[in-house]
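Some notes on the structure that comes next.
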Amino acid sequence: MRWRRRSAAVAAALLAVTIVGGCSTEVDPDIPVERSDEPPPTTEFVAVGSMAMLLDQLVAEAGVLSEAIVANEGQRQAIGRIDAIWAAARPDVADTAPDILVDFDRAIALLHSGVDRRRPADADKAYANLVVLAAAL
């Protein structure tokens, strides 16, 4: 008698799972669906301007990088812009003050470390260094 109760309970559970599992969702074909496998359209950032303008842009981008790292949003785009700005400014900095070029490169590398390792403190430290280096020029 005990096994009949258990088998009845098991049968009821299986019936409930079958009924609930058989429910489906109806899809409305008139509702547009965004495809997530398609990459979003991108535009390439191009840095232009004088050395002073580029360094100001570099410092501004570095200044908000730690917040982006903390929020885990937009840090890859920001470091991409920083790289583009630095690539445009580096030749002028090399001509103007080759002795501090290595310090700029170290600061940029520290920004990358902050993004790659999710360390906002590295980005803050690099930002402070960039402020001093840009002011020296």
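Each reported figure results from applying straightforward, stated rules to the coordinates on display, with no laboratory input. As the structure is a prediction and not an experimental result, all values here were calculated from the model. Using ideal geometry, Cβ is built from the backbone for each residue, glycine included, and neighbour counts are taken over all protein chains shown.
Would you mind counting up the charge near residue 69? Only other residues with Cβ under 15 Å from its Cβ, with Lys and Arg at +1 and Asp and Glu at -1.
Around residue 69, the surrounding residues sum to 0.
If only Cα atoms are counted, what is the Rg of region 51-136, and what is its Dmax, in Å?
Gyration radius and largest Cα-Cα distance of region 51-136: 11.9, 37 Å.
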